[in-house]
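*Asks:* The structure is given below, and queries will be raised subsequently.
Laboratory data are not the source of any read-out in this text; all were calculated from the coordinates shown. The structure displayed is predicted, hence computed values, not measured ones. No Cβ is skipped: glycine too gets one built from the backbone with ideal geometry, and neighbour counts run over all protein chains shown.
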Amino acid sequence: MSLIWATRGRDWGFRFLRNDASGDPLPVYDAAFSGVEDASEIFCRVAATDALPAMVALRFADPAGRRDRAGRVIPHDFVVFGPLSDDIDSVEVGRQRIWPMVADDFERVWELPKPPPANG
Amino acid sequence: MDVSRALEQHIAVFGEGGSGKTVLLSSFYGATQEPQYRKQSLFHVVADNMGQGARLHRNYLGMKNSAQVPATTRFTGTSYSFSIKLKDGAGAKAMKDKPFDALRLVWHDYPGEWFEQDVSGPEETQRRVDTFRSLLGSDVALLLVDAQRLLDNAGQEERYLKSLFANFLNGLLSLKDDLLEDGKPLVEFPRIWVLGLSKSDLLPDLDVFAFRDLLIEKGADDLDQLREVLAGLVEAKDALSVGEDFVLLSSAKFDTDRIEVTERIGVDMILPLAAMLPFERHVRWAQAKQLQGKVVETLLRGAGPLAAVLVGTKSRFLGPVGLLLNIVGPSVAEAAGLAGDKLREANSEAMAKQDNLRATLTRFAMDLDRGEEERILLRSLR
């Protein structure tokens, strides 16, 4: 388990495009972003609990400045686990580490009229 | 606050992702927190949950001061409860004669894509069902038509309207089994579905009549289908008005580097619509004998107390049984018929006596009349 990624396309709404966790990603996502939901950029390290491992909540605006049909810049939300999260200590470092892992996927799907399935 | 002393009205705002639901909610609440509003108004709008209030206010200030739109609503629906707390008027004694001393508005917000696409997993599925159950317990539903999408489809508006109404209709159908218990039609259900033109500042030449005509010209068949589906969910199908009321809405004027939150259209109609429209309409339906049995009891439960305040009688509560026996009592009929000069007189009298509850409700009714004069509101004649 290393990454959960939630974002939206131009025409389709917010959904999970990648889920390396087993099972439903939403409870994990909620636990990571709890209390910081509205901020436009987020780096937040979340300590391990009985139910969940340590993780990093990361949010940044689409690096290419792509916008949804209402004109809002598209945000990318990540929950990062394990060794991948170890040296992330800021939004900027998170963007450098994580974005290359999903950039091509997003380029392929963001203009589709309907959303792709997770891990699709 | 004692719940029994507050008259509660629910409003459900439906719209696609990006159609401006959260912006509208933030604009509504933020405006009520401005010093001028607080000074001029006879009441305060107070968020029952402080965290929610702070969030909406932050959204509003972000638009006003930094030209930032609120964050996209993700994965969760939220019900925002606002108390309309009256300022002190003629004193506590007068208020004790009232059947209620506050209004509460519950505004349901949700991620727009929940009607447009599949959800991501079991938790979101459950949240979607729970949210729509609470949405469908509302008195009034506001279905947003996005002016930006109309502009994007200029000349072919039917394409957008077809997709808007079809998505909504299919969303409802897919949830039908989860929403109806044992397949029984719902008694509590929004009976009034107002069509609202959001971002209406983008179409400055379109008044509410032109908006209605556009929908009839380019979306009548799709609207008929939606009406049929909604009627299939509800008991007493005659007591349902879908797409018979129209309102123009604009939460703010959006320029490239500026959001002018004082340039709103129709946002001040929302509280009067939520408070007064169900009352007016339900009483009219009862008088026309379009309501029967449990539906009368449910729909008219707030009518007696509201009527008592509007006509200034001391009768505290006609009660559902009284309503069933009389269908509509004299004070209710009189209150529902208050209009024009009589309404203004009632308002002046209430203002003179510092009867702030009555003054507020009569003002709401006058606001709706004003909305019609200014061609931003069009109410059904049925």
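*Asks:* State, to one decimal in nm, how far the label point of residue B:88 lies from the label point of residue B:118, with both points 7 Å from Cα in the Cβ direction.
*Replies:* Taking the two extended label points, one gets 6.0 nm.
*Asks:* Using Cα pairs closer than 8 Å and at least 6 residues apart in sequence, work out the relative contact order for chain A, in percent.
*Replies:* 33 percent
*Asks:* Contour minus end-to-end for residue B:348 and residue B:65, with contour as 0.36 nm per residue of separation and end-to-end as the Cα-Cα distance?
*Replies:* Extra length available between residue B:348 and residue B:65 comes to 98.1 nm.
*Asks:* What is the diffusion coefficient of the protein assembly as shown in µm²/s, taking the Kirkwood radius over Cα pairs and the Stokes-Einstein relation at 4 °C with a viscosity of 1.567 mPa s?
*Replies:* Answer from the Stokes-Einstein relation: 54 µm²/s.
*Asks:* Let me check the size of chain A from its C-alpha atoms; what are the radius of gyration and Dmax in Å?
*Replies:* When restricted to the Cα atoms of chain A, Rg and Dmax are 13.6, 41 Å.
*Asks:* Ok, one more. Report the Stokes-Einstein translational diffusion coefficient (µm² s⁻¹, integer) for region A:65-120, Rh taken as the Kirkwood radius over Cα pairs, at 4 °C with viscosity 1.567 mPa s.
*Replies:* Stokes-Einstein gives a translational diffusion coefficient of 99 µm²/s.
*Asks:* Further question on the same structure: What angle do you read, to the nearest 10 degrees and between 0 and 90, between the alpha-carbon axis of helix A:91-109 and the longest principal axis of chain A?
*Replies:* On a 0 to 90 degree scale, this one is about 40.
*Asks:* Moving on to the next point. Starting from the 7 Å offset along Cα-to-Cβ, what nm value, one decimal, do you get for the label separation of residue A:104 and residue B:188?
*Replies:* The modelled label-to-label distance comes out at 5.3 nm.
*Asks:* Ratio to report: Rg/Rh of chain B, with Cα atoms as the point set and Rh obtained by the Kirkwood method; give two decimals.
*Replies:* Ratio of gyration radius to Kirkwood radius: 0.95.
*Asks:* So, one more: Would you grab the residues whose amide H sits under 5 Å from the one on residue B:259? Only those 5+ places off in sequence or on another chain, please, with H modelled 1.01 Å from N.
*Replies:* B:67
*Asks:* Where in chain B are the helices, taken as whole DSSP H runs, whose Cα atoms extend 24 angstrom or more along the long axis and whose Kyte-Doolittle mean reaches at least 0.0?
*Replies:* For chain B, where a helix must reach 24 Å along its axis and average at least 0.0, the hits are B:208-231, B:270-287.
*Asks:* Place +1 on the Cβ of every Lys and Arg and -1 on the Cβ of every Asp and Glu in the protein assembly as shown, take the dipole about the Cα centre, and give the residue among A:96, B:9, B:187 whose Cα lies farthest towards its positive end.
*Replies:* Positive-end residue among those listed: B:9.
*Asks:* OK, next. Please list, by residue number, every one of the trypsin sites (Lys or Arg not before Pro) in region B:45-84 that is coil in DSSP and has at most 16 other beta-carbon atoms within 10 Å.
*Replies:* Within region B:45-84, no trypsin sites (Lys or Arg not before Pro) qualify (loop, at most 16 other Cβ atoms within 10 Å).
*Asks:* If you stretched the chain out fully between residue A:72 and residue A:31, how much longer would it get, using 0.36 nm times the residue separation minus the C-alpha to C-alpha distance?
*Replies:* So the extension gain works out to 12.2 nm.
*Asks:* While we're on this one: Return the FRET efficiency for the residue pair residue B:134, residue B:237: r is the Cβ-Cβ distance, R0 is 22 Å, and the value is rounded to the nearest 0.05.
*Replies:* 0.45
*Asks:* Here's a follow-up. Holding the Cα-Cα limit at 25 Å, pick out from B:64/B:199; B:237/B:342; B:218/B:253; B:176/B:237; B:176/B:289; B:162/B:253 the pairs that are longer than that.
*Replies:* Violating the 25 Å Cα-Cα cut-off are B:237/B:342; B:218/B:253; B:176/B:289; B:162/B:253.
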